[in-house]
Amino acid sequence: MSITESMTRVEALKHLGDVFRGVGIETAQRDARLLLLHASGIEHMDLLRSPRETLGADVALRLRDYVSQRVTRIPVARILGEWSSCQ
């Protein structure tokens, strides 16, 4: 199953968690939630209030990109552009 624009937030969250667990990521559910929130531009309370809202095309596209990076073990902070490197 791929992430589609017609998926609800809660369906996407479950799917992402399953994908990440399937490749052995120990923080699968946390990572799924962080990536979903960032891709959607929402806060955790928005997810709790409207779990059945559909993703839409833009969010689904961003999530597919995030997933392709995370399954290769790129850290969530780097995916979200919050990674600071010490040089």
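Which one of the conditions (1) closer than 18 Å to Ala77 by Cβ; (2) of a type in the set (A, V, I, L, M); (3) part of a loop (DSSP other than H, G, I, E, B) does Leu36 fail to meet, given that it meets all the rest?
Of (1) closer than 18 Å to Ala77 by Cβ; (2) of a type in the set (A, V, I, L, M); (3) part of a loop (DSSP other than H, G, I, E, B), only one is false for Leu36: (3).
Per-residue answers, yes or no, for (1) modelled with pLDDT of 95 or more; (2) closer than 16 Å to Arg9 by Cβ; (3) acidic (Asp, Glu); (4) within 10 Å of the chain's Cα centre (by Cα):
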site: Glu26; (1), (2), (3), (4): yes, no, yes, no
site: Gln29; (1), (2), (3), (4): yes, yes, no, yes
site: Leu35; (1), (2), (3), (4): yes, yes, no, yes
site: Gly41; (1), (2), (3), (4): yes, yes, no, no
site: Ser50; (1), (2), (3), (4): yes, yes, no, no
site: Arg64; (1), (2), (3), (4): yes, yes, no, yes
site: Arg70; (1), (2), (3), (4): yes, no, no, yes
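For the condition out of contact with any Pro (no Cβ under 9 Å at 6 or more places or on another chain), assigned to a helix (DSSP H, G or I), surrounded by fewer than 16 Cβ atoms within 10 Å (Cβ to Cβ) and basic (Lys, Arg), what is the one hit in Arg73, Arg62, Arg78, Arg52?
Arg78
The values are calculated or read from the model by the stated rules, or taken from the named source; none is laboratory data. The structure displayed is predicted, hence computed values, not measured ones. Ideal geometry is used to build each Cβ from the backbone, glycine not excepted, and the neighbour counts take in all protein chains shown.
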